[in-house]
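Accompanying notes for the structure given below.
Where a number appears in this text, it was derived from the coordinates with a stated rule and is not lab data. This structure is a prediction, so every number in the text was calculated from the model and none was measured. In this analysis, Cβ positions are derived from the backbone assuming ideal geometry, glycine residues included, and neighbour counts consider all displayed protein chains.
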Amino acid sequence: MKKLQIGIMGSAADLNFSDEALEFAKNLGKEIAKSGNILVYGAEKEYTSLSTEAAKSASANNGITVGIVPGKDKKVYGDFRPTVLINSGLEIGGGREFNLVLSCDVIIAISGGSGTLTEMAIAYQAGIPIIVVDKFGGWAKELSNKFIDDRKRLKCISAKTEKEALEKAIQEVMKK
């Protein structure tokens, strides 16, 4: 079976995510690694994020991680380096999100601010399934079990646990 490229989208540290959301992201990264699939995320330069913490956990559990970094240099926050680092040549809010989301078979959103909303909208437009973890607030909660617009292309599917999020992500990709 093909390894799925599962995108993790979520709040950056400047949104002051909770310890519970952080633990969830780490556990989700571990579950993705154990499943043998690939974790794709937006590698940050200035601070950590729920996505980065999920990737760190996946890597610590022998998983494959792909970080999409803004700009042309390979600078990322902290000491962690993904298995593969891709320079988008584009900035955050200036196109990196397209490279990130379009590299995924499915995305899982945890909480999230404007960047996560942008990534969810790109996935929606591209027909990429969206799983949302709605218990930590942000755009994931706002769009839980809803369509992003009246076109009703695909619903943002709610999940409560790490295993449920991964299971639903795999199920939605298999439907395509």
P(r) of the chain in 10 Å steps, Cα pairs, percent per bin?
11, 45, 37, 7, 0
Determine ³J(HN,Hα), in whole Hz, for all residues of the stretch 167-176 in sequence, where each value follows from phi through the Karplus function 6.51 cos²θ - 1.76 cosθ + 1.60 and θ = phi - 60°; x replaces Gly and Pro.
4, 5, 4, 5, 4, 5, 5, 5, 5, 6
Quick calc, residue 77 & residue 114: beta-carbon distance into FRET formula, R0 22 Å, rounding 0.05, result 0.70
Mind listing which chymotrypsin sites (Phe, Trp or Tyr not before Pro) in the stretch 1-70 are in a DSSP loop and have 13 or fewer other Cβ atoms within 10 Å?
47
Taking amide H positions as placed 1.01 Å from N in the peptide plane, with prolines and chain starts having none, which residues 5 or more places from residue 154, or on another chain, fall under 5 Å of its amide H?
148
Around residue 128, which amide H atoms from residues at least 5 apart in sequence, or from another chain, sit under 5 Å from its own amide H, with H modelled in the peptide plane?
none
Which order, highest average first, do 99-108, 80-89, 159-168, 64-73 follow once you tally other Cβ atoms within 10 Å for each residue and take the mean per peptide?
99-108, 64-73, 159-168, 80-89
With every atom except the alpha carbons ignored, what do you get for Rg and Dmax of the stretch 100-176, in angstroms?
11.0, 30
Taking the Cβ of residue 145 as the centre, find all other residues whose Cβ is under 14 Å away and add up their charges (Lys, Arg: +1; Asp, Glu: -1).
+3
Starting from the 7 Å offset along Cα-to-Cβ, what nm value, one decimal, do you get for the label separation of residue 102 and residue 147?
2.5 nm
Given the convex hull over the Cα atoms of the stretch 1-105, what projected area results after averaging over all orientations, in nm²?
6.1 nm²
If you restrict to DSSP beta bridges whose two residues both lie in the chain, what percentage is antiparallel, to the nearest 5?
10 percent
Work out from phi, with θ = phi - 60° and the Karplus expression 6.51 cos²θ - 1.76 cosθ + 1.60, the ³J(HN,Hα) of each residue of the stretch 132-142, listed in order in whole Hz, and give x for Gly and Pro.
10, 9, 8, 8, 10, x, x, 5, 4, 5, 4
Can you pull out the chymotrypsin sites (Phe, Trp or Tyr not before Pro) in the stretch 109-165 whose DSSP state is coil and whose Cβ has at most 12 other Cβ atoms within 10 Å?
none
Of the candidates 43, 58, 13, which one comes out as most mobile in a Gaussian network treatment of the chain with C-alpha springs shorter than 10 Å?
13
